[in-house]
Amino acid sequence: MLRGLRMKKQAILALVSAPVLTACGIVADNEFTRLGFPAPATKEGDGIIDLWQGFLITALLVGLLVIGLLVYASIKFRRKDENEVPDQVRYNVPLELLYTVVPLIIVLVLFGYTAKEQNKITALTEDYTHVVNVVGFRWSWAFNYIDENVYESGTPGVVPVLYLPVNEKTRFELSSPDVIHSFWIPDFLFKMDVVPGALNKFELTPDKPGTYIGRCAELCGQDHTRMLFSVKVVTRAEYDNYINALKVKGQTGMLPPGILPRGESITNARTNS
């Protein structure tokens, strides 16, 4: 049923937006219905695509309605005589209620769908496979693989790599020792702030093997643009080999996570969330 609704929505989107996208030169492929968004590389990403498409359909329909009313009014009520004064509409309570209530309803409906999807994608569960503490610092990233007791760290000149096993849910716990950063992987269709004194958490399940670019999305200082990292989604065997390689290099233990809330610590095991 959900698949059928999604196909119907994409068909509506293609029909409504075809003239605009054709004029912009966008090819009618998968990117057509995503309207520039990358193909989601996580199981949770489909909900974000659905939300984006729903917003675009709503915006296009409202835009077409407004343009249609403007064209209708300009033709229907155009001046037919140089000395003619059009009828004036004042204090029309039903009309004023209409253009006040209808936009309010639209906004509330969009807000409701947004809140629902946000609560769904940020919900914490007990079925994650492992925990990665992401430390954003000026101006690079460190990754503490908590369950494996190893770490990786970068510099503005050396881009660190985050390894994730495919089709396994990972809990990310974000921390910072200095200023606010923002952990963003565009292909995961997800971004969350890294705040000193807070421990923001979320869970994602990468489902497409490959290499993806990550970056800081919060202006954080001089080398903000160099706060890049790479994400490799690999098989479990490749992931285990990488973890063993970190152990061989002596990168065991945990780098300081930064400023944490009083009384709170990084998750030590899957049973302690």
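The values are calculated or read from the model by the stated rules, or taken from the named source; none is laboratory data. Worth saying up front: this structure is predicted, and the values here are computed from it rather than measured. As a convention, Cβ positions derive from the backbone with ideal geometry for all residues, glycine included, and neighbour counts pool all protein chains shown.
Could you check segment 119-145 and list, in sequence order, the residues that are in contact with a Lys or Arg (Cβ under 9 Å, 6 or more places away or on another chain), β-branched (Val, Ile, Thr) and not in a strand (DSSP E or B)?
Listed by number, the residues that qualify are 122, 125, 129.
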Checklist outcome for this item: Taking segment 215-260 and the residues there that are β-branched (Val, Ile, Thr), in a helix (DSSP H, G or I) and over 24 Å from the mean Cα position of the chain (by Cα), the one that is farthest from residue 168 (Cα to Cα) would be 248
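Quick grid of which residues meet (1) small (Gly, Ala, Ser); (2) under 18 Å from residue 148 (Cα atoms); (3) surrounded by 12 or more Cβ atoms within 10 Å (Cβ to Cβ); (4) outside the structural domain of residue 191 (by TED's automatic domain parsing):
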position: 219; (1), (2), (3), (4): no, no, no, no
position: 224; (1), (2), (3), (4): no, no, yes, no
position: 231; (1), (2), (3), (4): no, yes, yes, no
position: 238; (1), (2), (3), (4): no, yes, yes, no
position: 253; (1), (2), (3), (4): yes, yes, no, yes
position: 260; (1), (2), (3), (4): no, no, yes, yes
Checklist entry - Quick one: would you say residue 190 is under 14 Å from residue 132 (Cα atoms), of a type in the set (Phe, Trp, Tyr) and not assigned by TED's automatic domain parsing to the domain that holds residue 36? => result no
Checklist entry - Based on what the data block shows, is residue 62 assigned by TED's automatic domain parsing to the domain that holds residue 35, among the β-branched types (Val, Ile, Thr), free of Cβ contacts under 8 Å to residues at least 12 places away in the same chain and closer than 28 Å to residue 114 by Cβ? => result no
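Among residues belonging to segment 173-193 that are in a strand (DSSP E or B) and either without any contact (Cβ under 8 Å) to a residue 24 or more places away in the chain or within 15 Å of the chain's Cα centre (by Cα) (or both), point out the one that is nearest to residue 34 (Cα to Cα).
The initial filter retains those residues of segment 173-193 that are in a strand (DSSP E or B), namely 173-176, 181-185, 190-193.
Keeping just the survivors that are either without any contact (Cβ under 8 Å) to a residue 24 or more places away in the chain or within 15 Å of the chain's Cα centre (by Cα) (or both) gives 182-185, 190-193.
Working: 182: 24, 183: 22, 184: 19, 185: 17, 190: 15, 191: 18, 192: 22, 193: 25 Å.
Ranking the qualifying residues of segment 173-193, first place goes to 190.
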Item to check | Selection status of residue 111, aromatic (Phe, Trp, Tyr), at pLDDT below 90 and not assigned by TED's automatic domain parsing to the domain that holds residue 149 | outcome: no
Next on the checklist: Considering only segment 81-99, I want to know if a residue exists there that is in the same structural domain as residue 55 (by TED's automatic domain parsing), part of a helix (DSSP H, G or I), of a type outside the set (A, V, I, L, M, F, W, C) and closer than 20 Å to residue 55 by Cα.
Outcome noted: yes
Checklist entry - Hey, does segment 129-138 have a residue that's out of contact with any strand residue (DSSP E or B) (no Cβ under 7 Å at 6 or more places or on another chain) and surrounded by 12 or more Cβ atoms within 10 Å (Cβ to Cβ)? => result yes
Next on the checklist: Condition (residue is surrounded by 10 or more Cβ atoms within 10 Å (Cβ to Cβ), assigned to a helix (DSSP H, G or I), among the hydroxyl-bearing types (Ser, Thr, Tyr) and within 38 Å of the chain's Cα centre (by Cα)) applied to segment 57-68: is it met by at least one residue?
Outcome noted: yes
